[in-house]
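Have a look at the structure below, then the notes.
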Amino acid sequence: MALYNPATATLVESTSGTSTPTTVASSASNTTILAANSNRKGATMWNDSTATLYLEFGATATASAFVAKIAPSGYYELPFHYTGVISGIWSAVNGNAFVRELT
């Protein structure tokens, strides 16, 4: 995402120098995929499961209230520099989500 610098009338690209990997075990109950982090510049999620992963921006993900439905072996990139909590729930318990948070 580019940020406008009014002092120089230019766009400045936001960059990241740190990638923190985590593994989140699948759950048929709502679970936190990423905690809120005001320093987050991006994140990626790979659903390493044979079940569908439902992601929600906020505290509670359900199979009927979600922002992204990630198919088995699917990949998702977090848009818009969202820094709040990300929750998830799987349609069945098997596998993990491999998550990378960029700061």
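For the structure I just gave you, tell me whether Gly42 is out of contact with any Cys (no Cβ under 6 Å at 6 or more places or on another chain), crowded, with 16+ Cβ neighbours inside 10 Å, closer than 19 Å to Pro21 by Cβ and modelled with pLDDT under 95. Criteria met by Gly42. Filtering Thr23, Thr32 for residues that are surrounded by 13 or more Cβ atoms within 10 Å (Cβ to Cβ) and not in a loop (DSSP other than H, G, I, E, B) leaves a single hit, Thr32. The number of residues in the stretch 18-47 being farther than 13 Å from Asn96 by Cα and in contact with a Lys or Arg (Cβ under 6 Å, 6 or more places away or on another chain) comes to 2.
Within the option set Thr22, Thr52, Thr15, being more than 10 Å from the chain's Cα centre (by Cα) and modelled with pLDDT under 95 holds for one residue only, Thr15.
Report, by residue number, each residue of the stretch 59-83 that is in contact (Cβ under 8 Å) with a residue 12 or more places away in the chain and either among the charged types (D, E, K, R) or surrounded by fewer than 14 Cβ atoms within 10 Å (Cβ to Cβ) (or both).
Result: Ala59, Thr60, Thr62, Ala63, Lys69, Ala71, Ser73, Tyr75, Glu77, Phe80, His81.
Taking the stated definitions as given, is Glu56 in a strand (DSSP E or B), surrounded by 12 or more Cβ atoms within 10 Å (Cβ to Cβ) and in contact (Cβ under 8 Å) with a residue 60 or more places away in the chain? No. Figure legend. Inter-residue proximity from the stretch 85-103: first residues more than 15 Å from Ser38 (Cα to Cα), second residues in a strand (DSSP E or B) and among the acidic types (Asp, Glu), beta-carbon distance below 6 Å, spacing 6+ or different chains. Indicated pairs: Ser87/Glu56; Gly95/Asp48; Asn96/Asp48; Phe98/Asp48. Selection within the stretch 84-103: residues that are over 10 Å from the mean Cα position of the chain (by Cα) and in a loop (DSSP other than H, G, I, E, B). The member of this set that is surrounded by the most Cβ atoms within 10 Å (Cβ to Cβ) is Gly95.
The values are calculated or read from the model by the stated rules, or taken from the named source; none is laboratory data. No experiment lies behind these values; they were computed from the predicted model shown. Positions of Cβ are backbone-derived with ideal geometry, glycine not excepted, and every protein chain shown enters the neighbour counts.
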